[in-house]
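Student: Below is the structure I would like to discuss, written out as structure tokens.
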Amino acid sequence: MSQAVPIFVISLASATLRRTRIRAHLDALGLKYDIVDATDGRLLTEDERRHLAPDATAMSAGAIGCYASHLEAYRRIVDRALPLGLILEDDARLNPAVVPLLKAGFAAAPFDFLFLDCEVSNPQGPVFYDASHPAPLGNGFRCFPLSAGPESTHALAISADAARRRLACALPMRQPIDIYHH
């Protein structure tokens, strides 16, 4: 069986143990994936940091590198004309029950962002989901609209349209990539 949902794993080339672990995990699940060599914000020049985040002093090198890395994953989705992609950070672990869904594809893709793992609050308070409007994804999984954007980019499916829109307004960086309530 082919795999309907492409997976992009963001991983620093220097993080060999993390990279080995995520590869072993996804290989054991029988999933195909692309490794996106993450940008190490510590290795960016001051000019490169300022290009991404003019007020770079307000952002950590890690946050800037993470931001640039996710933009690269978005670009791959858009450039390859994929309808969506699953972006995983290299410390993510997928529940094996989601594998058939990733291989078969979502029954419907009524989302811009589908968080498979995220924080349940943000600075505005708890994030609630609207249980009265579930959308079936397939294989017994459903997704729900959220009251406000959660925080985290640990495991995120993103539609090509959302990736395109995020890329269009990505620079200058105003806040970390994993904050979605702006």
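The values are calculated or read from the model by the stated rules, or taken from the named source; none is laboratory data. In this text the structure is predicted, and so the values were computed from the model without any measurement. So basically every Cβ, Gly included, is an ideal-geometry build from the backbone, and we count neighbours across all protein chains shown. All accessible areas refer to the heavy atoms of the entire protein, side chains included, with ligands and DNA or RNA removed. Shrake-Rupley method; radii C 1.70, N 1.55, O 1.52, S 1.80 Å.
Student: If I ask for residues that are within 23 Å of I77 (Cβ to Cβ), more than 19 Å from the chain's Cα centre (by Cα) and not in a loop (DSSP other than H, G, I, E, B), which ones from the stretch 1-47 would you list?
Tutor: Result: D27, single match.
Student: Of the numbered conditions (1) over 28 Å from S159 (Cβ atoms); (2) open to solvent by less than 30 Å² (accessible area, probe 1.4 Å), A24 satisfies every one except a single condition; which is it?
Tutor: In the conditions (1) over 28 Å from S159 (Cβ atoms); (2) open to solvent by less than 30 Å² (accessible area, probe 1.4 Å), A24 misses (2) alone.
Student: Out of the stretch 84-100, which residues are of a type in the set (A, V, I, L, M, F, W, C) and either surrounded by 13 or more Cβ atoms within 10 Å (Cβ to Cβ) or assigned to a loop (DSSP other than H, G, I, E, B) (or both)?
Tutor: Here is the first cut: in the stretch 84-100, the residues of a type in the set (A, V, I, L, M, F, W, C) are 84, 86-88, 92, 94, 97-99.
Correct list: L84, L86, I87, L88, A92, L94, V98, V99.
Student: Looking only at residues that are in a strand (DSSP E or B) and surrounded by fewer than 14 Cβ atoms within 10 Å (Cβ to Cβ) in the stretch 129-177, which one is modelled with the lowest pLDDT? Walk me through how you get there before you give the answer.
Tutor: Restricting attention to the stretch 129-177, the residues satisfying the condition of being in a strand (DSSP E or B) are 129, 135-138, 141-143, 146, 151, 155-159.
Next, from what is left, pick out any that are surrounded by fewer than 14 Cβ atoms within 10 Å (Cβ to Cβ): 136, 142.
Numbers: P136: 70, R142: 64.
Taking the candidates together, the pick is R142.
Student: Of the conditions (1) touching a strand residue (DSSP E or B) at 6+ places or on another chain (Cβ under 6 Å); (2) surrounded by fewer than 15 Cβ atoms within 10 Å (Cβ to Cβ); (3) under 27 Å from R165 (Cβ atoms), A13 clears all except one; give me its number.
Tutor: That leaves (3) as the condition not met.
Student: For the stretch 48-78, which positions are within 19 Å of L116 (Cα to Cα) and either assigned to a loop (DSSP other than H, G, I, E, B) or open to solvent by 70 Å² or more (accessible area, probe 1.4 Å) (or both)?
Tutor: Correct list: empty.
Student: Which condition breaks for A81 when tested against (1) at pLDDT 95 or above; (2) small (G, A, S); (3) buried (at least 20 other Cβ atoms within 10 Å of the Cβ)?
Tutor: Looking at each condition in turn, A81 falls short on (3).
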